[in-house]
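Participant: Please read through the structure below; I'll follow up with questions.
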Amino acid sequence: MIYYVGIDISKYKHDFCIISNAGELIVENFSFQNNKIGFQSLLEQLKPYNKSDIRIAFEATGHYSLNLELFLVNNGFSFIKVNPLIIHQFLKTRSLRRTKTDKADSITIAKYLMSVPYKPNSDLLYTFFTLKSLCRARESLIKERSKFAVLLTNELDKSFPEMKPFFNNKISETLLYILEKYTSTKHISAMKDYESIRKLSHGKFTYARFAQLKELAKNSVGFHNENTDLLISTYVSIYNDFNNKIDPIEKQISTIINVLNPRMLTIPGIGEISAATILSEYGDIKNFSNPNKMLAFAGLDPSINQSGTLESNGKMVKHGSGHLRYAIMNSALSILRFSPEFYDYYLKKRSEGKCHRVALSHVCKKLIRVIYSLEKNNIDFNPSLLK
């Protein structure tokens, strides 16, 4: 006999039930705390049954379920995580009434588990979770750093408006080094440590550019005072602090992704960070039975409106992880620069009258189908096989 265990996850406690494959509600209204004692009480409830006969499911609720997941894995149990939206839709198909309690939700989860194939968690569960945490932390820090990049740019627009265009409107390591040592145009025009700047730029910042920057500073139309100097110094310091926090995170991401070595890294234009973000959000891609489910997971599938003889495709549903959609869209933009096959596909969609973003969304869908094929079959990217 098979036993289906539905667990409703919350921050401080979890509720669960057990239903047999005959439909008998064996355990109902059992709650346990989100701590060691609570987890041990769950084990006591599961002891009478063979582990191979137990199916466990709970909703994907961020990090609240992580400790329970690791506890179950360490004790020889498997489980699946379900999108809460799917559970909500499943409940609507079974009843017009909505009884929203933790105990009722655990029963709904168990009944849903009975209706679908059981594809348990990956052995790389903790690795994927760690990678996701690192990628999301990096993304958050970069967004915060961008705010100070804007503030720094605003001050430079007032005090030395010619400087950032001179550096191709990028906040480079060389620009930060100069501003860290010389906050005013007066000091920049009198710079003498060319050799230090040359070494920092690995020889890319030539003496000719050094002399040009000094001349720009000497004839700048910018205005500055002590307050401007203070703000520039502050923003440069904060920006460098963010860099010092982001760099070790990126190195750790690189270490993990190189161990996992996903086949999507063989696609021209997909780097380690993009691959890590996509893989960490999806988890084990082998758990997806087809690429359409990967599209749905990312919220890139179109909504469909159908009534009688009328049918139309709407906008992307945008359910699922926004981090995943962002990574896929950015990867698609990068791939267009490096892959003739993907770029030709993009041009084909544009020739059909589709605007840039719609054409790009088609590239994203094609990219997901390619990633699915590469990871499922463990093969490298081969442009000649693209259709």
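The values are calculated or read from the model by the stated rules, or taken from the named source; none is laboratory data. Fair warning: this is a prediction, and the values are worked out from it, not measured in the lab. As a convention, Cβ positions derive from the backbone with ideal geometry for all residues, glycine included, and neighbour counts pool all protein chains shown.
Participant: Please go through (1) polar (S, T, N, Q); (2) part of a strand (DSSP E or B); (3) under 15 Å from residue 77 (Cβ atoms) for residue 29 and return the number of the only condition it doesn't satisfy.
Facilitator: (3)
Participant: Additional query: Just the residues that are touching a residue at least 24 places away in the same chain (Cβ under 8 Å), farther than 16 Å from residue 180 by Cβ and of a type in the set (A, V, I, L, M), please, taken from the range 206-234.
Facilitator: Those that are touching a residue at least 24 places away in the same chain (Cβ under 8 Å), farther than 16 Å from residue 180 by Cβ and of a type in the set (A, V, I, L, M): 216, 221.
Per-residue answers, yes or no, for (1) under 12 Å from residue 267 (Cβ atoms); (2) part of a helix (DSSP H, G or I):
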| site | (1), (2) |
| --- | --- |
| 325 | no, yes |
| 353 | no, no |
| 358 | no, yes |
| 362 | no, yes |
| 367 | yes, yes |
| 374 | yes, yes |
| 380 | yes, no |
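Participant: A follow-up question, please. Which helices (runs of 4 or more DSSP H) does the range 203-299 wholly contain that include 3 or more residues that are closer than 30 Å to residue 175 by Cβ?
Facilitator: Fully inside the range 203-299 and qualifying: 207-218, 226-260, 272-282.
Participant: Okay, moving on. Of everything in the range 6-27, what is acidic (Asp, Glu) and surrounded by 14 or more Cβ atoms within 10 Å (Cβ to Cβ)? Give them in sequence order.
Facilitator: Hits for the range 6-27 are 8, 15.
Participant: Of all residues being under 33 Å from the mean Cα position of the chain (by Cα) and aliphatic (A, V, I, L, M) in the range 3-61, which is nearest to residue 80 (Cα to Cα)? Just the residue, please.
Facilitator: 57
Participant: Oh, and also: Can you tell me which of 125, 131 is buried (at least 16 other Cβ atoms within 10 Å of the Cβ), more than 30 Å from residue 202 (Cα to Cα), modelled with pLDDT under 85 and aliphatic (A, V, I, L, M)?
Facilitator: Sole residue among the options that is buried (at least 16 other Cβ atoms within 10 Å of the Cβ), more than 30 Å from residue 202 (Cα to Cα), modelled with pLDDT under 85 and aliphatic (A, V, I, L, M): 125.
Participant: Only one of 189, 289 is assigned by TED's automatic domain parsing to the domain that holds residue 157 and farther than 24 Å from residue 140 by Cβ; which?
Facilitator: Just a single option satisfies the conditions, and that option is 189.
Participant: Test residue 109 against the stated conditions and say whether it is in contact with a strand residue (DSSP E or B) (Cβ under 8 Å, 6 or more places away or on another chain), among the aliphatic types (A, V, I, L, M), in a helix (DSSP H, G or I) and modelled with pLDDT under 90.
Facilitator: Spelling it out, it is not the case that residue 109 is in contact with a strand residue (DSSP E or B) (Cβ under 8 Å, 6 or more places away or on another chain), among the aliphatic types (A, V, I, L, M), in a helix (DSSP H, G or I) and modelled with pLDDT under 90.
Participant: Could you list, in sequence order, the residues of the range 72-85 that are out of contact with any strand residue (DSSP E or B) (no Cβ under 7 Å at 6 or more places or on another chain), surrounded by fewer than 16 Cβ atoms within 10 Å (Cβ to Cβ) and not in a loop (DSSP other than H, G, I, E, B)?
Facilitator: Listed by number, the residues that qualify are 74, 85.
Participant: Check 180, 215, 173, 162 and return the single one that is of a type in the set (Asp, Glu) and farther than 29 Å from residue 246 by Cα.
Facilitator: Exactly one residue qualifies, and that residue is 215.
Participant: Give the residue that is farthest from the chain's Cα centre (by Cα), with candidates limited to residues of the range 170-202 that are under 24 Å from residue 154 (Cβ atoms), among the hydrophobic types (A, V, I, L, M, F, W, C) and not in a helix (DSSP H, G or I).
Facilitator: Top of the filtered list is 191.
Participant: Any residue at all in the range 168-182 that is touching a residue at least 60 places away in the same chain (Cβ under 8 Å) and either over 30 Å from residue 321 (Cα atoms) or surrounded by fewer than 18 Cβ atoms within 10 Å (Cβ to Cβ) (or both)?
Facilitator: Yes, the conditions are met somewhere in the range 168-182.
Participant: Another question about this same structure. Which of the residues belonging to the range 347-372 are more than 16 Å from residue 298 (Cβ to Cβ) and either in contact with a Lys or Arg (Cβ under 9 Å, 6 or more places away or on another chain) or not assigned by TED's automatic domain parsing to the domain that holds residue 289 (or both)?
Facilitator: Across the range 347-372, the qualifying residues are 356, 358, 359.
Participant: Residues that are under 30 Å from residue 231 (Cα atoms), among the basic types (Lys, Arg), in contact (Cβ under 8 Å) with a residue 24 or more places away in the chain and surrounded by 17 or more Cβ atoms within 10 Å (Cβ to Cβ): does the range 145-159 have at least one?
Facilitator: Looking through the range 145-159, at least one residue is under 30 Å from residue 231 (Cα atoms), among the basic types (Lys, Arg), in contact (Cβ under 8 Å) with a residue 24 or more places away in the chain and surrounded by 17 or more Cβ atoms within 10 Å (Cβ to Cβ).
Participant: Let me ask you something else. Determine which single condition residue 220 fails, assuming it passes every other condition in (1) of a type in the set (Gly, Ala, Ser); (2) assigned by TED's automatic domain parsing to the domain that holds residue 189; (3) within 22 Å of residue 143 (Cβ to Cβ).
Facilitator: Every condition holds for residue 220 apart from (3).
Participant: Next question, about the same structure. Yes or no: the range 58-69 includes at least one residue that is assigned to a strand (DSSP E or B) and surrounded by 15 or more Cβ atoms within 10 Å (Cβ to Cβ).
Facilitator: Yes, there is a match, as at least one residue in the range 58-69 is assigned to a strand (DSSP E or B) and surrounded by 15 or more Cβ atoms within 10 Å (Cβ to Cβ).
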